[in-house]
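One structure below.
The values are calculated or read from the model by the stated rules, or taken from the named source; none is laboratory data. Keep in mind that what you see is a predicted model, and the values were worked out from it rather than measured. Because the Cβ atoms are built from the backbone with ideal geometry, glycine has one as well, and the counts that use them run over all protein chains shown. Heads up: the accessible areas ignore ligands, DNA and RNA and are worked out on the full protein's heavy atoms, side chains in. Shrake-Rupley method; radii C 1.70, N 1.55, O 1.52, S 1.80 Å.
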Amino acid sequence: MIEFVKQFIGVECLIYTFDAQLTGTIKEVSENGDAILIENGDNIEIINLEYVTRIRKYPVDKKGKKKSVILD
């Protein structure tokens, strides 16, 4: 799982946990691989990888702009 998450470093992503959906750029994966650092504007969050169920790149439309409505 850690190697897959490292592919998303520097990419704006949607991160799904058991009870929430987070948006932000993955900045770092911890050395022992149990947490990720996410930056969203001025906010910085640390998420435990045990609670992450899905990570995907933020969807964009044909013009390259971020989609305003995401239905999952």
- Of 68, 30, which has the most accessible area and how do the rest follow, probe 1.4 Å? 68, 30
- Message: I need the phi-derived Karplus couplings for region 33-41: 6.51 cos²θ - 1.76 cosθ + 1.60, θ = phi - 60°, integer Hz, Gly and Pro marked x.
- Response: x, 9, 8, 10, 9, 10, 10, 10, x
- Cα-based Rg/(2.2 N^0.38 Å) for region 1-57, rounded to two decimals, is 0.97
- When the charge dipole of the chain is computed with +1 on Lys and Arg Cβ and -1 on Asp and Glu Cβ about the Cα centre, the Cα farthest towards its positive end, among 30, 58, 7, belongs to 58
- Task: Starting from the chain, pick out the trypsin sites (Lys or Arg not before Pro) whose DSSP state is loop and whose Cβ has at most 13 other Cβ atoms within 10 Å.
- Result: 62, 63, 65, 67
- Query: Under a point-charge model restricted to the Cβ atoms of Lys and Arg (+1) and Asp and Glu (-1), what is the dipole moment magnitude of the chain relative to its Cα centre, in debye to the nearest 20?
  - Reply: 660 debye
- In order through region 19-30: 3J(HN,Hα) via Karplus (6.51 cos²θ - 1.76 cosθ + 1.60), integer Hz, x for Gly, Pro: 10, 8, 10, 10, 10, x, 9, 6, 9, 7, 10, 4
- Rounded percent of accessible protein surface that carbon and sulfur make up, the chain, 1.4 Å probe: 49 percent
